[in-house]
Amino acid sequence: MTVASGGSNRAGTPTLEVDDLRELLERGADVTVLDVRPAEERAEWFIPGSVHRDAYQALRAGDPSALADVALAGNAPVVAVCAMGRTSVIAAALLRQRGYRAYSLGGGMKAWSLAWNTAELPAPNASLVQVRRTGKG
């Protein structure tokens, strides 16, 4: 996985931007999305195919064992997701300590809600472009 437009946050944890995650998911790349938000928030909406661990409170409290019971696929990169991209930084840092190639989704689900992509649709004598908000379907 390349993190072309990603970077690092103040804590030094690598981030992945929404457009990069969307592109990876669209092409079926081997990546695990780990949603660490409370169950109530996830029930409202989530990134399709993501794995959920209700670790928000433990992560915010600084519990170093917050994700100790999380077992993720071998070499696949992991993108931690929370509401705004702050708690996922903590999650990604903990996962990195365990040897995972972990990233935080920049801006979290708030940024995901603004993600979009386009699809060109065939039409007689015209070119139609459909704009879809990935985060909202």
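None of the figures in this text is laboratory data; all of them are computed from the coordinates on show. The model shown is predicted, which means the values in this text are computed figures rather than measured ones. Cβ sites come from the backbone with ideal geometry, for glycine too, and all protein chains shown count toward neighbours.
If we sort 36-45, 74-83 on the protection proxy, mean other Cβ atoms within 10 Å, highest first, what's the order?
My ranking of the peptides, most packed first, is 74-83, 36-45.
Give me the distance between the Cα centres of segment 69-120 and segment 46-67, rounded to whole Å.
Segment 69-120 and segment 46-67 have Cα centres separated by 11 Å.
What residues have an amide H closer than 5 Å to that of Thr32, excluding those fewer than 5 places away on the same chain, when H is modeled at 1.01 Å from N in the peptide plane?
Val78, Val79
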